[in-house]
Amino acid sequence: MEFDDEKYCNFSLLEKRQGQKIVLGLVNTQPDELEDKEVLLKRLEEANKHVDPKQICIATQYVFASTEAGNLISEEGQWRKLDLVHELAESLNA
């Protein structure tokens, strides 16, 4: 489920997926700028209100498969985003 934009972020939809693993695409891979980790942690807290936190996994949105014309993200930016996903995943396991 892709939730990189608060406008479309309706975590109450997760309630229909009780008992299932849910992968939340919170990190947008299109822009080079890095999301604020604290904002993403707050969004994970919001998701936890609707399902068991053990169901939640974190991922990037869109992966990095788009063409350069569509995604102007540097290789360094991609690694920073993957590091952020790793940090968020570690916080889920804490």
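Things to note:
- Residue match in region 26-35 (condition: aliphatic (A, V, I, L, M), at pLDDT below 85, part of a loop (DSSP other than H, G, I, E, B) and surrounded by fewer than 17 Cβ atoms within 10 Å (Cβ to Cβ)): no
- For the condition open to solvent by 20 Å² or more (accessible area, probe 1.4 Å), at pLDDT 90 or above, part of a loop (DSSP other than H, G, I, E, B) and within 26 Å of S12 (Cα to Cα), H86 does not qualify.
- Cβ pairs under 6 Å, 6+ apart, first in region 25-43 and closer than 11 Å to G77 by Cβ, second modelled with pLDDT under 85 and of a type in the set (V, I, T): D32/I73
The values are calculated or read from the model by the stated rules, or taken from the named source; none is laboratory data. Because the structure is predicted, anything quoted here is derived from the model rather than measured. Because the Cβ atoms are built from the backbone with ideal geometry, glycine has one as well, and the counts that use them run over all protein chains shown. Ligands, DNA and RNA are excluded from the accessible area calculation, which covers all protein heavy atoms including side chains. Shrake-Rupley method; radii C 1.70, N 1.55, O 1.52, S 1.80 Å.
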